[in-house]
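Have a look at the structure below, then the notes.
The values are calculated or read from the model by the stated rules, or taken from the named source; none is laboratory data. Owing to the predicted nature of the structure, the values given are computational and were not obtained by experimental measurement. Cβ: placed from backbone, ideal geometry, glycine included. Neighbour counts: every protein chain shown. SASA here: full protein model, heavy atoms, side chains in, ligands and nucleic acids out. Shrake-Rupley method; radii C 1.70, N 1.55, O 1.52, S 1.80 Å.
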Amino acid sequence: MKVVLFCGGAGMRMREASEKIPKPMVSVGSRPILWHVMKYYAHFGHRDFILCLGWQANVIKDYFLHYEESVSNDFVLHGNGKGVELLSSDIDDWNITFVDTGIKANIGQRLMKVRPFLEGEGTFLANYTDGVSDLDLPSLVKAHREHEAVATFVSVRPQQSFHLVDHAEGGRVSRIKTISQSDVWMNGGFFVLEQGIFDHIHDGEDLVLEPFERLIQQNALYTVRHNGFWGCMDTFKEKQALDDRVARGDAPWELWNQDGPVADGGGEARS
């Protein structure tokens, strides 16, 4: 299945790290978070990517045009430093389509602009590219197909608790309630979509608001709750938390570094 990745945002809440580069290019460890998301999908056999570009699109293009394999792969240096023999490779079997979807477009409109590149794809995957997870992707695809959904997304717990404020007339606060991780579920940004999704996105609409509301009315929207690891990089503090995990060798989303069964592009497990 093809994987649509939304890479056009400026990352306003990540100004400390993304003032001159798009948010998907902010690093986690030695590689951009975009690379981590792509590596995750490639691990499960999905290596055909469509990048929905926007702000600072040239930075993403340049990164892959001048991709340096030796950063994340072992290699042998020989010939007095003139030759590099890679012992493994990241992207040699990846197919990446770069599409300029506009600087100010929302997610729904970015998806509509890459529709021509999804012709012939009954089911495809999509991701916000600002979060990583140890989600079992074949199980998500299986659930999507079993429920015959038009769209399926992953629900996760928020990373932090927050305060819900009820306002009374005149601005007087009537109640403050602490909402903990155990109280709510939120959209985790991992999607499985059918071609039918395009019939529900009208001009100017985002993906999750009006289109998903229409799918709810048709019982065509499904979610899978994920209780495992999920980490989002919305703020600089969250980026630091992911960096710390990489530094101490505790990065649950790096499934490609773990032994175990791998799934092919169709979502069925193989050893």
Q.
Going through VAL262, VAL192 one at a time, which residue ends up being modelled with pLDDT under 90, farther than 15 Å from VAL28 by Cβ, open to solvent by less than 50 Å² (accessible area, probe 1.4 Å) and under 21 Å from the mean Cα position of the chain (by Cα)?
A. VAL262
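Would a scan of the range 167-187 turn up a residue that is within 15 Å of the chain's Cα centre (by Cα) and touching a residue at least 12 places away in the same chain (Cβ under 8 Å)?
First, the residues of the range 167-187 that are within 15 Å of the chain's Cα centre (by Cα): 186-187.
Keeping just the survivors that are touching a residue at least 12 places away in the same chain (Cβ under 8 Å) gives 186-187.
Within the range 167-187, one or more residues are within 15 Å of the chain's Cα centre (by Cα) and touching a residue at least 12 places away in the same chain (Cβ under 8 Å).
Within the range 52-93, track down each residue that is over 19 Å from LYS20 (Cβ atoms) and at pLDDT 95 or above. Steps first, answer last, please.
Just the residues of the range 52-93 that are over 19 Å from LYS20 (Cβ atoms), to begin with: 52, 67-93.
Residue satisfying the conditions is CYS52 alone.
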Q) Within the range 33-55, is even one residue in contact (Cβ under 8 Å) with a residue 12 or more places away in the chain and over 29 Å from ASP136 (Cα atoms)? A) yes
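Here is a yes/no grid of residues against (1) of a type outside the set (Val, Ile, Thr); (2) surrounded by 14 or more Cβ atoms within 10 Å (Cβ to Cβ):
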position	(1), (2)
HIS66	yes, no
GLY79	yes, no
LEU86	yes, no
ASP92	yes, no
ASN106	yes, yes
GLN109	yes, yes
GLU119	yes, no
THR123	no, yes
SER133	yes, yes
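For (1) part of a strand (DSSP E or B); (2) not aliphatic (A, V, I, L, M), each residue gets a yes or a no:
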position: ILE50; (1), (2): yes, no
position: VAL59; (1), (2): no, no
position: TYR63; (1), (2): no, yes
position: SER70; (1), (2): no, yes
position: SER89; (1), (2): no, yes
position: GLN109; (1), (2): no, yes
position: PHE124; (1), (2): yes, yes
position: GLN159; (1), (2): no, yes
**Q.** Options ASP199, ASP243, ASP234, ASP206; residue that is of a type outside the set (Val, Ile, Thr), without any contact (Cβ under 8 Å) to a residue 60 or more places away in the chain and either open to solvent by 30 Å² or more (accessible area, probe 1.4 Å) or within 23 Å of MET38 (Cα to Cα) (or both)
**A.** ASP199
(Q) Between VAL132, VAL99, VAL76, which is part of a strand (DSSP E or B) and farther than 29 Å from VAL154 by Cα? (A) VAL76
